[in-house]
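Please read the structure below before turning to the comments.
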Amino acid sequence: MKRRVALRSMAVAVGAMAGLPSWASGWSKETIPAGKLLSVDQANSLTAMVETIIPKTDTPGAGELGVGNFVQKMVTDCYDSKTQANLSSGISQLEAQSMKRFGKSFADAGKDQKLQLLQDLEKSSDADQKAFFGLVKNLTIQGYMSSEYVMTNITHYEMVPARYHGCVPVTKG
């Protein structure tokens, strides 16, 4: 291997490693564009679903922080086509269940109705529905906990923790 090729390869690897953590942690609603995997109605249902999983309290909920776009982006970029199809069909089935039981879409259903539908998904005997709910739930938690708002206002994330204070007065305690 020639020295220039090796140096170029190392530079690309270091650049990729330096850029990945900055995107994966501290993302915001504006940094992730709306995904193209789901239709507008399905994206609204996904937003309602993540908002039901982590609702707004004294802190913003997952829907308000744009976690639905995060879930869609992660599934599009990091998962295989079978999982992508499972996400799309899972949301369609959730919509169908909501229309059948309550006569309205999942996004328009009441808080208790949404919660009931999600609990039914979690307890379902269908492996695809359980996989769909588990995927969305895990990505919702990951997206919420790594969002810019949570990282800066709740967890107070520090890139380099444990500061060194060399000149500190010593007092007897």
Two-decimal Rg/Rh across the chain, once Rg and the Kirkwood Rh are taken from alpha-carbon atoms: 1.14
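Ranking request for peptides 62-72, 140-150: highest mean number of other beta-carbon atoms within 10 Å first, then the rest in descending order.
62-72, 140-150
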Paramagnetic reach from residue 153 (point 7 Å along Cα→Cβ, amide N under 19 Å) across region 55-76: 55-70
Tilt relative to the chain, helix 67-78 - C-alpha long axis, 0 to 90 degrees, to 10: 80 degrees
Cross-link pairs 100/130; 56/82; 82/111; 100/123; 36/123 - those with Cα-Cα distance over 26 Å: 56/82; 82/111; 36/123
Listed residues 48, 153, 97: farthest to the positive end of the dipole of the chain (Cβ charges): 153
Computed lengthening from residue 120 to residue 41, 0.36 nm per intervening residue step minus Cα-Cα distance: 26.3 nm
All aspartates and glutamates inside 12 Å of residue 114 as judged from Cα atoms, apart from same-chain residues fewer than 8 positions distant: 51, 95
Å² per residue, accessible surface of the chain at 1.4 Å: 65 Å²
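Trypsin sites (Lys or Arg not before Pro) within region 34-106: which are DSSP loop residues with at most 14 other Cβ atoms inside 10 Å?
Details: sites: 36, 56, 73, 82, 100, 101, 104; in loops: 36, 56, 104.
Those that pass, being in a loop and sparsely packed, are 36, 56, 104.
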Theoretical FRET efficiency, 1/(1+(r/R0)^6), r = Cβ-Cβ of residue 57 and residue 112, R0 22 Å, to 0.05: 0.85
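Just flag the trypsin sites (Lys or Arg not before Pro) in region 123-173 sitting in loop per DSSP whose Cβ has no more than 15 other Cβ atoms within 10 Å.
On the way: sites: 123, 130, 137, 163, 172; in loops: 123, 163, 172.
Filter output for region 123-173: 123, 163, 172.
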Helix 127-145 vs. the chain, principal-axis angle (Cα, 0 to 90°, nearest 10): 40 degrees
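The values are calculated or read from the model by the stated rules, or taken from the named source; none is laboratory data. Note that this is a predicted model, so its numbers are computed, not measured. Heads up, the Cβs are rebuilt from the backbone with ideal geometry, glycines too, and the neighbour counts pull from every protein chain shown. These area figures cover heavy atoms from the full protein model, side chains too; ligands, DNA and RNA do not enter into them. Shrake-Rupley method; radii C 1.70, N 1.55, O 1.52, S 1.80 Å.
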